[in-house]
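Each reported figure results from applying straightforward, stated rules to the coordinates on display, with no laboratory input. Given the structure is predicted, the values throughout are model-derived calculations rather than measurements.
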Amino acid sequence: MKNLMNWNRCKKEFIRKLEPDLERVESIKKNAFLRLKRARSTNFNSENVSLIVDDYYEVIKELLVAYLLKNGLRSKNHQCLISYFAKENPNLEGEAILISQMSFFRNRLEYYGEKVPVEFYKQRKEDFEHLVDVLLKLVK
């Protein structure tokens, strides 16, 4: 899948193996739920759309961290989280692409102060929720 970091590069440079840490997985899930609750309860408007998308991205990113930990891996960067998800779930290519898009918008917000396009949120909000559901199933 183009635009994702190469998994072999990830393994070599950014991934390390460790013992699966199910206690930490549960802790990460609890924190992700708190952020998810905030994202869901925030009344959407053009001023706060970027913060809502950022919250959804952080929930998804943390669930990806938990997914790797459950499988005895730790990543030093977000891109390898997405690459691992794509490698392990080739039938979820669209979901991996969406996570990558969210990462792009989140980075533009964090590093350049660019707002997330309102249309992106409106068109993809249900997909964000679907991604959360998919990841929760993977970390059970």
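Observations on the model:
- Rule-of-thumb Rg ratio for the stretch 19-138 [Cα; 2.2 N^0.38 Å; N residues]: 1.03
- Rounded to whole Å, the principal axis extents of the Cα atoms in the stretch 90-140 read 35, 21, 19, largest first.
- Scattering profile of the stretch 1-56 at q = 0.18, 0.24, 0.31 Å⁻¹ [log10 I(q)/I(0), Debye over alpha-carbon scatterers]: -0.85, -0.88, -1.08
- Counted as membrane-span-like here are DSSP H helices of the chain whose alpha-carbon atoms extend 15 Å or more along the helix's own axis and whose Kyte-Doolittle mean is 0.0 or above; these are 49-70.
- Relative contact order for the stretch 19-138, counting Cα pairs under 8 Å that sit 6 or more residues apart, in percent: 31 percent
- Pairs beyond 25 Å (Cα-Cα), from Lys17/Lys115; Lys30/Lys115; Lys11/Lys125; Lys87/Lys122; Lys76/Lys137; Lys115/Lys137: Lys17/Lys115; Lys30/Lys115; Lys11/Lys125; Lys87/Lys122; Lys115/Lys137
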